[in-house]
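Right, one structure below, let's go through it.
A short reminder: the numbers here are calculations on the coordinates, not readings from a lab. Fair warning: this is a prediction, and the values are worked out from it, not measured in the lab. All Cβ positions, glycine included, derive from the backbone under ideal geometry; neighbour counts span all protein chains shown.
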Ligand SMILES: C[S@@+](CC[C@H](N)C(=O)[O-])C[C@H]1O[C@@H](n2cnc3c(N)ncnc32)[C@H](O)[C@@H]1O
């Protein structure tokens, strides 16, 4: 009975299947209220956990429009594709992780984290989801040589094989109107057309020496990358696209858009409550920028 209720709830409202640095779940009411009244396709080039994409796909802000989602993290995109195309096998592999983990959480976690990464898709994706569910703070973070280096988290009963939600996510991702790809954000310039909405949620510009959000992949998102992104936004604006950008409350970012010639960008500060580092006291509300050309 309970699991039928859980399945019905998950089917009605599939949630992101990974916790991702910079995840936007808490900000959905603000983002949703900031969408343009009319737009054609929805494009999200820094997909991460995909909170706003999910919101739009389930029709709470976007209706039946086509959506293009991408990210440069190939492991993450492989996870989306595997959940879409092979969810039953994936759930089976996650159940094995769950069983082994509960026998001895610490040794199984480190054995999985530090062991060789296999080449088959199910093993890779189940490992990513398992580590994401059990690691400290649930954050995907690799070191400079591309190794996942987060210690074990303190969870009493992590839901490793969340089959109801995974099945619901799989159905959502099978939508004919969604395309998912692994690529750099700048590819969007060639693809986007007039009146498409592009939402950029890049790795944030650090606002202090300790709050660095640049370790999503084994590359890093430098100030030059932020400038390249601003340039892409200006090109999209010239094409007649609708552009919305999230970033930290950084003067440098604000000035990039304030001083962008004749165009007046709509820049507002919104209150966000999100994990900015591992100290729980630093998770409370803070301000961030929401920048739009409409
Ligand atoms: C702030 S996260 C996105 C958070 C996401 N909106 C969510 O709700 O979970 C930024 C994402 O940008 C991706 N990324 C970093 N550099 C990129 C690039 N050059 N092109 C495309 N994606 C990139 C990272 O892999 C990461 O998933």
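Observations on the structure shown:
- Protection proxy ranking, peptides 18-25, 49-56, average beta carbon neighbours within 10 Å, highest first: 49-56, 18-25
- Residue 262-residue 85 FRET efficiency (beta carbon distance; Förster radius 45 Å; 0.05 resolution): 0.45
- Alpha-carbon centroids, region 110-140 and region 31-57: separation in whole Å: 28 Å
- Degrees between helix 121-134 axis and first principal axis of the chain (Cα, 0 to 90, nearest 10): 90 degrees
- Computed on the chain, with alpha-carbon pairs under 8 angstrom and 6+ residues apart, the relative contact order is 22 percent.
- Between the Cα long axis of helix 74-85 and the first principal axis of the chain there is an angle of about 70°, rounded to the nearest 10.
- Ordered from longest to shortest, the equivalent ellipsoid semi-axes for the chain are 32, 22, 17 Å, each the square root of 5 times a Cα gyration tensor eigenvalue.
- Gain upon complete extension [residue 269, residue 235; 0.36 nm per residue less C-alpha separation]: 9.9 nm
- Full extension of the segment from residue 255 to residue 154, taken as 0.36 nm per residue of separation minus the current Cα-Cα distance, would add 32.3 nm.
- Maximal additional length on extending the residue 30-residue 137 stretch stands at 36.1 nm, based on 0.36 nm per residue less the C-alpha distance.
- For the chain, the longest principal axis of the Cα atoms and the long axis of helix 87-103 meet at an angle of about 60 degrees.
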